[in-house]
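A.B. asks: Quick one: the structure is below, questions incoming.
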Amino acid sequence: MADMVKTGEFRGPRDYEIVDRRTLMIAALSVALAIGAGLAAQLLTSLIGLITNVSFYGRISTAFVDPAGAHPHVLKLLLVPMIGALIIGLMARYGSAAIRGHGIPEVMENVLFGGSRIPARVLVLKPLSAAIAIGTGGPFGAEGPIIATGGALGSLAGQLMRITSDERKILLASGAAAGMAATFGSPVSAVLLSVELLLFEYRARSLIPVALAAATATGVRAVFHGTAPVFAMANVASPSGPALAAYALIGLIAGIIAAGVTRATYAIEDVFEKVGHKLHIHWMWWPIIGAFVVGVVGIFDPRVLGVGYDNISGVLSGSIAGRALLALLIFKFIAWSVYLGSGTSGGTMAPLFTIGGAIGAILGGMIASMLPSLGVDHRVAGLVGMAAMFAGASHALLTSVVMAFETTRQPLGLLPLLAGCTVGYFASIFLGRHSIMTEKLARRGAALRLEYAVDHLAHVLVRDAAARKVVTLTDTSTVAEVREWIASGAGHTTHQGFPVLNDQDILVGVVTRRDILDPTRTGKERIREIIRRPPVVVYEDNSLRDAADQMVTEEVGRLPVVSRDETLKVVGILSRSDLLSAHRPRLAAATRMKRVRRFRAWR
């Protein structure tokens, strides 16, 4: 201990760094992962095309085709989806049950509660099962499985390296963003999706790798498919004020329906769970029932089969309209919700886009015919409905707005998108706390609060919360003298620890009441002799967030506050209760606002 005092050894909080060298390493890894995820996306697309061609056209080809173009026989429409469902059920039961579902909720669960660790077998089984489901007519999008595959690739890379759980989460999110960007050529919305649904934070050290990964994967996609927008639209005009109000109304209706869609899909899942258990039917067989429904619906409207990106383009271009559009809306929802509820493997984004786009286009057409003076464009209405549906179902507002723009490249549609998606997002949250992405996690008992706010403690400095009256001990005092001082009542203090100073008033350590009152001590020891460790301190210009982290890291309940100008010169002391008390102004302000609202409501 004497050597420690001579050298001035102490432990203070690490200075906050926005980025560091490890950020550079993670960013480089993310770029490499993005190349892999981009190639995996192309492989999955080719695999879907191969299975579709074999199943419906009877030929060997990897061309991405629509099952409806084959004009399949009724028997084939029934049997092909059921055979695919049987294979998926076997893969889920004997391979990994994690392949069930639409991908993003499972990735979210791994981020929140699994240390961002996704089993390696999911990397193979998830895209394979999704390719089989979609290739045999499943009405799903490929983006969810590709996002899950990219996330699994990033997670696996993180598990093979000696990195922190936080860094592994960044790699997972980078892989997921790369998968989405490689599917839709939408790098900015891919980054926003990661921020809103996977990272649960907005920090430079996580944003930079994810953004680089999304940009890289978009470049990979451009090599294979060029840079044209995924959903081509003719140029649209700038909306008038009344038209903007109409688009907002369409977004509102889409958001309300989105809340209903979320409830309906999980209600169908509950029916499968309840009936399956009641009849003792193993969940492996449930997708066959869902596939049968898909086949029956496909008989009436084969366009619902497969990914259906052409349907989205048709809705946005206006080539699908009238009764055909209404039929697509109804049959797509039935086939998608039942098959997804049965526990198969597939995505939700493309089906939601189709459903929402159809709703928007129908509403836009009605408004345009009844009130032509408003200047409502049914194509923009379809775009707003598409994005608002996804915003309401996923609760990813910014992702929805930007993605609709990136996939169509219609800058004049941004204002209607922002208005419609925001209103739809608000309506959906107002009607239901959980999204289609988080409902499953909530049902498993997870505590979800996916909001972003700067930590209140990060705004409060230690100097503003620490106690300035510090009861200290001298290092030359004996334990017996201090015991007598405490017993006399003169040493009454709310703190359970005492900073120990030397004859130059320099901090040399901290002792606790327990150390002093330890019955195994004779009382003849000097206070400096019972100091257990170098002093753990916090600077007065540190934030309370730094102090709280320091307490947890060093496993202490109080921190002497020292000045940077005079090292180890004690100017105060900070306890755990001081950290809690720092929240009082924030809570008081919130309470005042509640009282104001109640008073206004009473008036």
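The values are calculated or read from the model by the stated rules, or taken from the named source; none is laboratory data. Since the structure is predicted, the reported quantities are computational estimates derived from the model, not experimental observations. Cβ atoms come from the backbone with ideal geometry, glycine included; neighbour counts cover every protein chain shown. When the accessible area is computed, the model is the full protein with side chains, heavy atoms only, and any ligands, DNA or RNA have been set aside. Shrake-Rupley method; radii C 1.70, N 1.55, O 1.52, S 1.80 Å.
A.B. asks: Quick one: what are the phi-derived ³J(HN,Hα) couplings along region 430-440, Karplus 6.51/-1.76/1.60 with θ = phi - 60°, whole Hz, x for glycine and proline?
C.D. replies: Whole-Hz 3J(HN,Hα) from phi for region 430-440: 4, 8, x, 5, 9, 8, 5, 7, 10, 4, 5.
A.B. asks: Also, quick follow-up: Any chance you could check the Cα centroid distance between region 330-369 and region 127-201 for me, in angstrom?
C.D. replies: One Cα centre to the other: 23 Å.
A.B. asks: Does region 246-317 come out rounded, prolate or oblate by the C-alpha gyration tensor, with a ≥ b ≥ c the root eigenvalues, rounded set by a/c under 1.5 and, if not, prolate when a/b is larger than b/c and oblate if not? Mind dumping the intermediate values first?
C.D. replies: Working: a/c = 3.86, a/b = 1.52, b/c = 2.54.
Here region 246-317 falls in the oblate category.
A.B. asks: For the full complex of protein chains and a 1.4 angstrom probe, list TYR425, TYR452, TYR309, TYR339 by accessible area with the highest value first.
C.D. replies: My answer, sorted largest first, is TYR452, TYR425, TYR309, TYR339.
A.B. asks: Do any chymotrypsin sites (Phe, Trp or Tyr not before Pro) in region 172-240 lie in a DSSP loop with no more than 13 other beta carbon atoms within 10 Å, and if so, which?
C.D. replies: Passing both the DSSP loop test and the Cβ count: TYR202.
A.B. asks: Based on the mean of other beta carbon atoms within 10 Å per residue, what is the order of 204-210, 351-357, 25-31, most packed first?
C.D. replies: The densest-packed peptide leads the list: 351-357, 204-210, 25-31.
A.B. asks: Label-point separation (nm) for LEU580 and LEU160, each offset 7 Å from Cα along Cα-to-Cβ?
C.D. replies: Distance between the two pseudo-spin positions: 4.7 nm.
A.B. asks: Which whole-number percentage describes the relative contact order of the chain, with Cα contacts under 8 Å and a sequence gap of 6 or more?
C.D. replies: Numbers: 1168 pairs, mean separation 95.7, N = 603.
Here the relative contact order equals 16 percent.
A.B. asks: Provide the FRET efficiency to the nearest 0.05 for the ALA232-ARG443 pair, computing r from the beta carbons and using R0 = 45 Å.
C.D. replies: 0.70
A.B. asks: Follow-up question, since we're still on this one. Take each of the peptides 363-369, 416-422, average the number of other beta-carbon atoms within 10 Å over its residues, and list them starting from the highest.
C.D. replies: 416-422, 363-369
A.B. asks: Now, a different point. So, R0 is 60 Å and r is the distance between the beta-carbons of LEU90 and GLU566; what FRET efficiency does that work out to, to 0.05?
C.D. replies: My answer for the efficiency is 0.25.
A.B. asks: With the other protein chains left in place, how much accessible area per residue, in square angstrom, belongs to the chain at a 1.4 angstrom probe?
C.D. replies: Ligands and nucleic acids excluded, the figure is 45 Å² per residue.
A.B. asks: Dividing the convex hull volume of the alpha carbon atoms of region 293-383 by its residue count, what do you get in Å³ per residue?
C.D. replies: Dividing the Cα hull volume of region 293-383 by its residues yields 80 Å³.
A.B. asks: Turning to a different aspect of this structure: So what is log10(I(q)/I(0)) for the chain at q = 0.10, 0.11 1/Å, when the Debye sum runs over its Cα atoms only?
C.D. replies: Summing over Cα pairs of the chain leads to -0.88, -0.99.
A.B. asks: Test of the criteria: in region 385-489, which GluC sites (Glu not before Pro) are in a DSSP loop and have at most 14 other Cβ atoms within 10 angstrom of their Cβ?
C.D. replies: Passing sites in region 385-489 are GLU451.
A.B. asks: Here's something else I'd like to know. Divide the volume of the convex hull of the Cα atoms of region 16-69 by its number of residues and quote the answer in cubic angstrom per residue.
C.D. replies: 88
A.B. asks: Right, something else. What length, rounded to one decimal in nm, is gained on full extension from ASP20 through to ASN502, with 0.36 nm per residue of separation minus their alpha-carbon distance?
C.D. replies: Taking 0.36 nm per residue and subtracting the Cα distance, the gain is 169.8 nm.
A.B. asks: While we're on this one: Tilt of helix 584-602 relative to the longest C-alpha principal axis of the chain, in degrees (0 to 90, nearest 10)?
C.D. replies: The helix 584-602 is inclined about 50 degrees to the chain.
A.B. asks: Here's something else I'd like to know. Nearest 10 degrees, 0 to 90: what angle lies between the long axis of helix 21-52 and the longest principal axis of the chain (Cα atoms)?
C.D. replies: 20
A.B. asks: Of LYS76/LYS332; LYS278/LYS332; LYS126/LYS278; LYS169/LYS440, which sit over 22 Å apart, Cα to Cα?
C.D. replies: LYS278/LYS332; LYS126/LYS278
A.B. asks: At 0.36 nm per residue, and after removing the present C-alpha to C-alpha distance, how many nm does the segment from HIS282 to VAL552 gain when stretched out fully?
C.D. replies: My answer for the length gained is 92.6 nm.
A.B. asks: Here's something else I'd like to know. Take the Cβ-Cβ distance between ARG463 and LEU412 as r, set R0 to 41 Å, and report the resulting FRET efficiency rounded to the nearest 0.05.
C.D. replies: 0.20
A.B. asks: How far apart, in nm, are the 7 Å Cα→Cβ label points at VAL74 and VAL124?
C.D. replies: Between VAL74 and VAL124, the label points sit 4.2 nm apart.
A.B. asks: Taking all protein chains as present, what is the carbon and sulfur share of the accessible area of the chain, in % to the nearest whole number, probe 1.4 Å?
C.D. replies: It is 61 percent, rounded to a whole number.
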